[in-house]
Amino acid sequence: MKKLPIGIQTFSEIRQNGFLYVDKTEAIHRLICSGKYFFMSRPRRFGKSLTLSTISDIFSGHQDLFRGLWIEHQRDWSQVSPVIHIQFNEIGYDTNGLVFALERTLEKEAAKHGITLREQGYDQRFAELIRQLAERKGKVVLLMDEYDKPIIDYLEKDQLPTALEHQKILKNFYSVLKSADPNIAFLLITGVSKFSKVSIFSDLNNLEDLTLHPRYATLTGYTQAELEMNFGDRLAETLQQYPDWSPETLLQHIKTWYNGYSWSSPERVYNPFSILNFFSSGTFQDYWFKTGTPTFLVKQLSAAKYFNLNELTVGTTLLENYTLDQLDVRAMLFQTGYLTIREADTLRGLYTLDYPNREVEQALSNHLIGALLHRPAADSIRPVVQLEQAFLKNDPEQVVAIINAMLKSIPSLLLSNQGEYFYHALVHLHFRYLGFFIQSEVHTSDGRMDAVVHTPNTIFILEFKVNQSADAALAQIKTKQYAAAFATETKNIVQLGINFDTEKHCVSEWKTAETAFKMNKIDHIGIAVKDMESANELFHLLLGKPHYKIEEVAGEKVATSFFAVGESKVELLQALDAESPIAKFIEKRGEGIHHIAFEVDDIYAEIERLEQQGFTLLNKEPKKGADHKIIAFLHPKSANGVLVELCQSIAG
């Protein structure tokens, strides 16, 4: 079993010391042979540095390092090129200043090749190094790693002047590459961010961007096939820690936690840093996230009032680049790896962004909740677990108490200026987070229900209002027919309406209502008669009581008479017109039972359920009937020849 190269980004060290290497040389060879000037943006700890190190050894002709790899027999190893490899995260710009750091780095690179630099100024010394090296050893390979580190380390508002100054210095530094073209064999610049070409690479018009290139979408990161092929022994070892899981179950959990990154390709890749750490410990943790807390991004999200980062639709321009004076937090989240491409419509230039996996969403949610509620991020999970327990106990009162406890823990001064955004953010973040523990869905204001929580026995449909009422929330659940989506479920369905009061900073009111997908009782039996007067007399004698109501239903061209029989009724029906359905029924079958009617609580939900069960409706839209009801009918062919009526009392 090979050692795991955690934190090792040097290709030679991995190959010479028995570490595992996932072979990326086929993709690298394709890149080397396809062009000359390239740029690639990827999140931190995603294999950029290892890729550059590998390219350096390829051009340096270190064939022994590539024994057994795809590229071993695909290249003429006698063809070598001198390499200038600059790793900006190691040059010491933070302590010595960027100009001094660049000049010292160029001197070190020159010394490696026995060159003495005589020009003044970092840009001219860079040009001199390329020229002299090309004259002595042939065209030069330039590898620039973490090019943007001197900029992105200074994005805080009070440090922005330093970022702008560094941007100007780097623009001058790279400006010499255009005139150095005859001396350059290959150039690859990598970084986390993708600043506007105009701001840094204005003279490199032929710089090809690999960031969203589908052919290089898996150049870094591990594909599913690579994971299963290279980590088979580790998978078997890890499975011993989870004796109740099958190999497929383990793979699915690993995929949920660490897979999901995409740069416009249908194939998604794993975060290599998290995968290596996971197989080292065998436990599911947020390994990658811990290596760089996104304090700046959380501040930006809070300032912009972004809390829902699911299914964000953006245009190509947003993903292409940004400038220091126009930082878009969505673009930054994508480029830094907190969001990824979920769907791509390249014809229209539209992309749907979302969290890549559970590691990122859960960890970032902790920080967003912490920022929203002014508490440590580590405390964010506690109320989510409490909500889980309350729902599992089918205790909506406790759910509300937990929400109020969260609000009560925030100093009133901080809550005094909070509007609807705050309460929507509170709901979205916590109920989305809840979905990691039990089935919970949370939606946005697009006509869908606010939240749904599934427990083993119950489905909770939640609607939240701000400065309205719990009744208004329940009314929306009913009017929008949210419960109809669960018509075929056998679980109890509880509607929970919650209203927030922005002045009192709490849940001021909440109510529940049960949804029953069933026929409550036989409401009445309808009997077709030719003469209402004589039929009333007959049933008066039969039932021992008179009819209590006569009513005409003009839309059906029928007169009705009702007799109470216990909790049910008998409805006599007489045609008022020769074209009436009752007249046609009697003409065909004679007098007798016409239909059986069942009382329901939610006729719309019942229609939805019965349609899903395969019944045919005579009218899918309920209509006004007699006895202050709305009604709908099933076709007799769907019910063994019986005409079935659904009826629901009209409120008010």
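The values are calculated or read from the model by the stated rules, or taken from the named source; none is laboratory data. Bear in mind the structure is a predicted one, so any value in this text is a computation, not a measurement. Counting neighbours? That spans all protein chains shown, and the Cβs are built from the backbone with ideal geometry, glycine included. Quick note on the areas: whole protein, heavy atoms, side chains included, nothing else; ligands and nucleic acids left out. Shrake-Rupley method; radii C 1.70, N 1.55, O 1.52, S 1.80 Å.
Let's see how each residue does on (1) open to solvent by less than 20 Å² (accessible area, probe 1.4 Å); (2) in contact (Cβ under 8 Å) with a residue 60 or more places away in the chain; (3) more than 23 Å from ARG30 (Cβ to Cβ):
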| position | (1), (2), (3) |
| --- | --- |
| GLN74 | no, no, no |
| GLY92 | yes, no, yes |
| GLN120 | no, no, yes |
| ILE130 | yes, no, yes |
Considering only residues that are open to solvent by 70 Å² or more (accessible area, probe 1.4 Å) and free of Cβ contacts under 8 Å to residues at least 60 places away in the same chain, look in the stretch 617-628 and name the one that is farthest from LEU474 (Cα to Cα).
LEU618
Inspect all residues belonging to the stretch 145-157 and state whether any of them is assigned to a helix (DSSP H, G or I), open to solvent by less than 20 Å² (accessible area, probe 1.4 Å) and within 16 Å of LEU98 (Cβ to Cβ).
yes
Filter result (without any contact (Cβ under 8 Å) to a residue 60 or more places away in the chain, in contact with a Lys or Arg (Cβ under 8 Å, 6 or more places away or on another chain) and of a type in the set (Gly, Ala, Ser)) within the stretch 143-186:
ALA180
Selection over the stretch 303-326 where residues are surrounded by 15 or more Cβ atoms within 10 Å (Cβ to Cβ) and under 23 Å from LEU207 (Cα atoms) yields a count of 7
Residues of the stretch 2-38 being in contact with a helix residue (DSSP H, G or I) (Cβ under 9 Å, 6 or more places away or on another chain) and at positive phi, in sequence order, are GLY7
Could you list, in sequence order, all residues of the stretch 529-554 that are open to solvent by 80 Å² or more (accessible area, probe 1.4 Å) and among the β-branched types (Val, Ile, Thr)?
ILE550
Which residues, counting only those in the stretch 575-601, are of a type in the set (Gly, Ala, Ser), open to solvent by less than 70 Å² (accessible area, probe 1.4 Å) and out of contact with any Cys (no Cβ under 9 Å at 6 or more places or on another chain)?
ALA575, SER580, ALA583, GLY590, GLY592
Would you be able to say whether some residue in the stretch 203-223 is open to solvent by less than 10 Å² (accessible area, probe 1.4 Å), touching a strand residue (DSSP E or B) at 6+ places or on another chain (Cβ under 6 Å), part of a loop (DSSP other than H, G, I, E, B) and among the small types (Gly, Ala, Ser)?
yes
The stretch 269-292 - residue that is part of a loop (DSSP other than H, G, I, E, B) and over 20 Å from the mean Cα position of the chain (by Cα) and, of those, surrounded by the fewest Cβ atoms within 10 Å (Cβ to Cβ):
THR283
Kindly provide the set of residues from the stretch 541-553 that are in contact (Cβ under 8 Å) with a residue 12 or more places away in the chain and out of contact with any helix residue (DSSP H, G or I) (no Cβ under 8 Å at 6 or more places or on another chain), ordered by number.
LEU543, LYS545, TYR548, LYS549, GLU551, GLU552, VAL553
From the set of residues in the stretch 467-524 that are more than 14 Å from ASP601 (Cα to Cα), touching a Ser or Thr at 6+ places or on another chain (Cβ under 8 Å) and among the acidic types (Asp, Glu), which is most open to solvent (accessible area, probe 1.4 Å)?
GLU509
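Residues are listed down the side, and each one gets a yes or a no for (1) open to solvent by 20 Å² or more (accessible area, probe 1.4 Å); (2) at pLDDT 95 or above; (3) in a helix (DSSP H, G or I); (4) under 30 Å from LEU324 (Cβ atoms):
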{"site": "PRO43", "(1), (2), (3), (4)": "no, yes, no, yes"}
{"site": "ILE55", "(1), (2), (3), (4)": "no, yes, yes, yes"}
{"site": "PHE100", "(1), (2), (3), (4)": "yes, yes, yes, yes"}
{"site": "GLU103", "(1), (2), (3), (4)": "yes, yes, yes, yes"}
Pairs only if they're at least six apart or on different chains, beta carbon under 9 angstrom, first in the stretch 322-351 and closer than 21 Å to GLY221 by Cβ and touching a residue at least 24 places away in the same chain (Cβ under 8 Å), second acidic (Asp, Glu) and in a loop (DSSP other than H, G, I, E, B); list them, first residue then second.
ARG342/GLU311
